[in-house]
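Comments concern the structure below.
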Amino acid sequence: MQAVILVGGEGTRLRPLTYTIPKPVIPMMNLPFLHFQISLCKKHGITEIILSTNYLASVFEEVFGDGSEWGVRLTYVTEEEPLDTCGAVKNVEEHIRDTFLVFNGDVLTDLDLSALIAYHREKKALVTITLTPVDDPTAYGLVPIDSEGRILEFLEKPGLDQVITDLINAGTYVLEPEVLDRVPPAQRFSFERQLFPGLLEEGKPMFGFRSTSYWLDIGTPEKYLMAHRDILDGKLQFDFPGEEVEPSVWVGENTVIEEGAKIYGPVLIGSNCHVRKGAVVSSQTVLGDDCCLGEETRVDDSVLLSGVSLAEGCVVSSSVLGRGVKLGKNVQVAGLSVLGEGVEVGDNNEFRGGIRIWPFRKIDADTIHF
Ligand code: GDD
Ligand code: MG
């Protein structure tokens, strides 16, 4: 079976990280995010994957190549203009041979794809949508089903008054290729707002596969950090890179942790990092490769991408620092703040409560940002 992964979106809710890295390539546990979906496909014997790209399209091929590193074969199809979710799949139609899978490219899950496909066949469905329960369905596609699993309605981003179930579209579908016959070529077309409601109106067999597997859309800073926490906490299976130097502390090659630095797991530290004496790295933190934490720095519940350096006395808490961010002395970053790639911050700055700093900005010393 083939899989199409939709990776063309701009990832606006994850800006500024997505200004320089497309969302599906943003590091998750120091690996490009799509690693997780590609590995899941591989685990279920799906080795032919088509990536539907648009935004920052060239980055995907640079990172994933022909897929052989993951034991899969990757084909790239780039839209000239974004065609929306279903238009993007129509655009890869010439590569599709039979019943196929579609993934949203920003979902972290250990969904049982084999069970999903078996369910689709058993129900003789035209479309099967994976469903997962969430607390607040208003940010997703709401999908009520009957006792047989038949989908009754598809309500994308419903209002609170429309919420009649907690089951939402988990962004993984099994489709019969013939559904693409009803999609106009080279035009914007949406699964969620057009194809699915249209098929339901005509009474076509669309089924919902209820999954209780781990599931998270990583598309906001809050969810991005939550995904890291969950993986560190062992909520889904993951082969940690590096060596487990003490329980739940994984460290990459050539990393130096000076005596007098304290590391409280679960923590993942990349290769070629330097953690100086007096630094404290607390649980739920991930440091990318080539990071340097100065003396008396503290990092907790945060993700630092590769090449980040913190001068002495910095404190980073529940925040994300993009590639190559440099913080001067005694800088504080807290409360879901996100600093974009290459940002350079002078001494004694303070970032509070969800501040986002655009890539490559240089910030003078001594300012509070909130
Ligand atoms: N190729 C291509 N072209 N891909 C696109 C386009 C496009 O024009 N627009 C969006 N995508 C990709 C995005 O890159 C992402 O991987 C996926 O389609 C879904 O887009 P999001 O922007 O992340 O949508 P969402 O999270 O608001 O909602 C979708 O996902 C929810 C589950 O996470 C919907 O499918 C909801 O119904 C669903 O509940
Ligand atoms: Mg999404």
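Would you say Pro158 is modelled with pLDDT under 95, under 24 Å from Leu225 (Cα atoms), touching a strand residue (DSSP E or B) at 6+ places or on another chain (Cβ under 9 Å) and crowded, with 17+ Cβ neighbours inside 10 Å?
Working: modelled with pLDDT under 95: yes; under 24 Å from Leu225 (Cα atoms): no; touching a strand residue (DSSP E or B) at 6+ places or on another chain (Cβ under 9 Å): yes; crowded, with 17+ Cβ neighbours inside 10 Å: yes.
When the stated conditions are applied, Pro158 does not pass them.
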Open item on the list: Please pick out the residue among Ile26, Ile5 that is within 23 Å of Ala186 (Cα to Cα), of a type in the set (A, V, I, L, M), surrounded by 21 or more Cβ atoms within 10 Å (Cβ to Cβ) and modelled with pLDDT of 95 or more.
Closed with: Ile5
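Identify the residue in the range 119-174 that is part of a loop (DSSP other than H, G, I, E, B) and of a type in the set (Val, Ile, Thr) and, among all such residues, is nearest to Ala3 (Cα to Cα). Outline the logic, then answer.
Of the residues in the range 119-174, the ones part of a loop (DSSP other than H, G, I, E, B) are 124-126, 134-136, 140, 143-144, 146-149, 152-154, 157-159, 163-166.
From the residues that got through so far, the ones that are of a type in the set (Val, Ile, Thr) too are 134, 143, 163-165.
Working: Val134: 25, Val143: 22, Val163: 31, Ile164: 31, Thr165: 28 Å.
Once the filter is applied, the top-ranked residue is Val143.
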Open item on the list: Can you say whether Val163 is crowded, with 17+ Cβ neighbours inside 10 Å and assigned by TED's automatic domain parsing to the domain that holds Arg210, as far as the supplied structure shows?
Closed with: no
Task: Hits in the range 200-211 (condition: touching a residue at least 60 places away in the same chain (Cβ under 8 Å) and surrounded by fewer than 17 Cβ atoms within 10 Å (Cβ to Cβ)) - done: Lys204, Pro205, Arg210
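Does Gly252 count as surrounded by fewer than 24 Cβ atoms within 10 Å (Cβ to Cβ), at pLDDT 95 or above and not hydroxyl-bearing (Ser, Thr, Tyr)? Step through it out loud before you land on a result.
Details: surrounded by fewer than 24 Cβ atoms within 10 Å (Cβ to Cβ): yes; at pLDDT 95 or above: yes; not hydroxyl-bearing (Ser, Thr, Tyr): yes.
So Gly252 passes the test.
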- [ ] Kindly indicate whether any position in the range 124-136 is out of contact with any strand residue (DSSP E or B) (no Cβ under 9 Å at 6 or more places or on another chain), on the phi < 0 side of the Ramachandran plot, within 16 Å of ligand 1 (Cβ to nearest atom) and without any contact (Cβ under 8 Å) to a residue 60 or more places away in the chain.
- [x] yes
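So which of Val338, Val333 is in contact with a Lys or Arg (Cβ under 8 Å, 6 or more places away or on another chain) and of a type in the set (A, V, I, L, M)? Talk me through it step by step, then tell me what you get.
Details: Val333 fails: in contact with a Lys or Arg (Cβ under 8 Å, 6 or more places away or on another chain).
Selected residue: Val338, the only one of Val338, Val333 that is in contact with a Lys or Arg (Cβ under 8 Å, 6 or more places away or on another chain) and of a type in the set (A, V, I, L, M).
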Open item on the list: Quick check on my filter: what residues within the range 208-238 are within 16 Å of ligand 2 (Cβ to nearest atom), touching a strand residue (DSSP E or B) at 6+ places or on another chain (Cβ under 8 Å) and either at positive phi or of a type in the set (Val, Ile, Thr) (or both)?
Closed with: Ile218
Open item on the list: Against the definition (among the charged types (D, E, K, R), under 23 Å from Asp181 (Cβ atoms) and within 15 Å of ligand 1 (Cβ to nearest atom)), how does Glu156 come out, yes or no?
Closed with: yes
Task: strands (runs of 3 or more DSSP E) wholly inside the range 1-88 that include at least 1 residues being farther than 21 Å from Tyr224 by Cβ and under 18 Å from the mean Cα position of the chain (by Cα) - done: 2-6, 48-53
TODO: Answer yes or no as to whether Leu216 is touching a residue at least 24 places away in the same chain (Cβ under 8 Å), farther than 18 Å from Glu156 by Cβ and within 10 Å of ligand 1 (Cβ to nearest atom).
DONE: yes
- [ ] Please tell me if Leu74 is within 22 Å of Glu62 (Cβ to Cβ) and either buried (at least 23 other Cβ atoms within 10 Å of the Cβ) or away from ligand 1 (no atom under 14 Å from the Cβ) (or both).
- [x] yes
Open item on the list: Condition first: touching a helix residue (DSSP H, G or I) at 6+ places or on another chain (Cβ under 6 Å) and more than 20 Å from Lys223 (Cβ to Cβ). Can you find one or more residues in the range 314-333 that meet it?
Closed with: no
TODO: Determine if the range 160-176 includes at least one residue that is under 20 Å from Lys90 (Cα atoms) and more than 14 Å from ligand 1 (Cβ to nearest atom).
DONE: yes
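Among the candidates Pro197, Pro241, which residue alone is surrounded by fewer than 20 Cβ atoms within 10 Å (Cβ to Cβ), in contact with a strand residue (DSSP E or B) (Cβ under 9 Å, 6 or more places away or on another chain) and assigned to a loop (DSSP other than H, G, I, E, B)? Even if it seems obvious, please write down each step before you answer.
On the way: Pro197 fails: assigned to a loop (DSSP other than H, G, I, E, B).
On inspection, the qualifying residue turns out to be Pro241.
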- [ ] Identify all residues within the range 200-238 that are of a type in the set (Val, Ile, Thr) and in a loop (DSSP other than H, G, I, E, B); write none if there are none.
- [x] Thr212, Ile218, Thr220
Task: Failed condition for His228, given (1) within 14 Å of ligand 1 (Cβ to nearest atom); (2) not assigned by TED's automatic domain parsing to the domain that holds Val7 - done: (1)
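The values are calculated or read from the model by the stated rules, or taken from the named source; none is laboratory data. All figures in this text were calculated on a predicted structure; none of them were measured in a lab. Here Cβ is always computed from backbone atoms with ideal geometry, including for glycine, and neighbour counts include all displayed protein chains.
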